[in-house]
Amino acid sequence: TLGAGVGAATVTNTVTTTATTATQATTTIIVKEGGASMAQKVALYIGTAAAADQLVMAHFNGPRNIREAPSLDSNVVEELNPGQRAQLTGEIRQEGNNIFGKTSDGNWVLLNSPDGTNPATLSRVQKQQTVSVSPGDVKKG
């Protein structure tokens, strides 16, 4: 049955899809330093989010380069402006003391901050559920 103002209607053959937009944040961690210990914490954090059907977003207070590969020597393909977020896929790579996260568009972002001024804040957010209904699926009655 559809919401108020629509009248009585029955929906059949509905298709539910999962959107990649994020809604409410549930918890955060700050990736202050690099190294194996922090890489393990980030991997656990992302794995827990995936198990709960959540997205992981990386937020930066300052600008941050998005790169082709998980290396500071890799080509920059985009720059995030302060306050922008990148959605992470769950794949991380450690290069020396640096931790890179793979973004939803297949590129990489440095999560820790070598000079300590702009670390990533990771947040887990619920995936937004949307329902698609075609006109033939609604029967008034």
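Bear in mind that the values in this text are calculations on the coordinates, not laboratory data. Worth saying up front: this structure is predicted, and the values here are computed from it rather than measured. Please note: Cβ atoms are built from the backbone with ideal geometry, for glycine as well, and neighbour counts cover all protein chains shown.
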Mean projection area, nm², convex hull over Cα of the range 26-113: 5.2
Quick check on packing: order 107-114, 77-84, 51-58 by the mean number of other C-beta atoms within 10 Å, highest mean leading. 107-114, 51-58, 77-84
